Amino acid sequence: MGNSNGTTVEELKACESHQWYRKFMTECPSGLLTYYEFKQFFGLRNLSEASNAYVWTMFSTFDMNSDGYIDFMEYVAALSLVLKGGVQQKLRWYFKLYDVDGSGCIDQEELLQIIKSIRAINGIPSEISSEDFANMVFEKIDVDGDGELSYEEFMEGIQNDEMLLATLTESLDITHIVNKIQGEIRANI
Ligand SMILES: [Ca+2]
Ligand SMILES: [Ca+2]
Ligand SMILES: [Ca+2]
C-alpha cells in the first residue's frame, strides 16, 4: 500500500478517526486483531461454512503483510477504502478478495463460492440463483473464454457493464458490516 497508508491516516484523522480508533483499541487492546477477534469485532457469529470461508478470505485480504493479525494501519486502510475508495481501487481490492487461492485469476468456482457466501451474510433474497449469476458474469466478461477471469477481464468487464458494476458494488461488498460498526460507534458517542 506504500504511500496510500499515509493519506489514509490523514483522511481518517480529519473525520471520525478517534471513534474508529477507540472502537479498535477498546475491543483489541493489544492493537493486533486475530481472526477470532475479527469475527467478534464485526459481530459475526453462527455463520455457515460458506460465510466463514468468505470472512476468512476478507480477513486475509485485510491482513496485507500476511502476519496473521490485522493491525490498526491495516484496519484503517481497509475500512477507508471501503468507505471512500474510488471504483478502480475497490475493484482491485475485490479482485484480490475473490481470487481466493491467489492464482491471479478468478475461476468460476471461486466466483460462485463468493456469491453464495455474500448472499448468506447479507440475507438478501434474489430472483436469480447464484449459479445463474456466476454463469452470466462469465458469459459477459470472460472475453477469451478460458473459464477464468484475468485481472484485465475483471477490471474492464465490470467497469464497462453498468449492471455488473452496480451489482458488485451494491451486493458484493462489505458495506453492511461497515454500517454496523458505524451504527455501534454512533450509539457509543
Ligand atoms: Ca498484518
Ligand atoms: Ca484463483
Ligand atoms: Ca479469461
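The values are calculated or read from the model by the stated rules, or taken from the named source; none is laboratory data. Small disclaimer: the values here were computed from a predicted structure and weren't measured. Quick reminder, even Gly has a Cβ in these numbers, built from the backbone with ideal geometry, and neighbours come from all protein chains shown.
List of remarks:
- Scan of region 126-156 for residues that are surrounded by 15 or more Cβ atoms within 10 Å (Cβ to Cβ) and acidic (D, E), ordered by number: D142, E148, E153
- Of the helices (runs of 4 or more DSSP H) lying entirely inside region 112-189, the ones with 2 or more residues being small (G, A, S) and modelled with pLDDT of 65 or more are found at 130-141.
- Restricting region 61-103 to residues that are part of a loop (DSSP other than H, G, I, E, B) and within 16 Å of ligand 2 (Cβ to nearest atom) leaves a set whose member that is farthest from Q40 (Cα to Cα) is S103.
- A single member of K96, K90, K84 is within 16 Å of ligand 1 (Cβ to nearest atom) and of a type outside the set (A, V, I, L, M, F, W, C), and it is K96.
Matching residues to (1) among the aliphatic types (A, V, I, L, M); (2) under 30 Å from P29 (Cβ atoms); (3) within 16 Å of ligand 3 (Cβ to nearest atom):
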| position | (1), (2), (3) |
| --- | --- |
| S60 | no, yes, no |
| D67 | no, yes, no |
| L79 | yes, yes, no |
| S130 | no, no, no |
| F138 | no, no, yes |
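- Failed condition for N46, given (1) under 22 Å from L164 (Cα atoms); (2) at pLDDT below 80: (1)
- Contacts under 8 angstrom Cβ, first residue in region 133-161 being more than 22 Å from R119 (Cβ to Cβ), partner within 16 Å of ligand 1 (Cβ to nearest atom) and modelled with pLDDT of 95 or more, 6 or more apart: none
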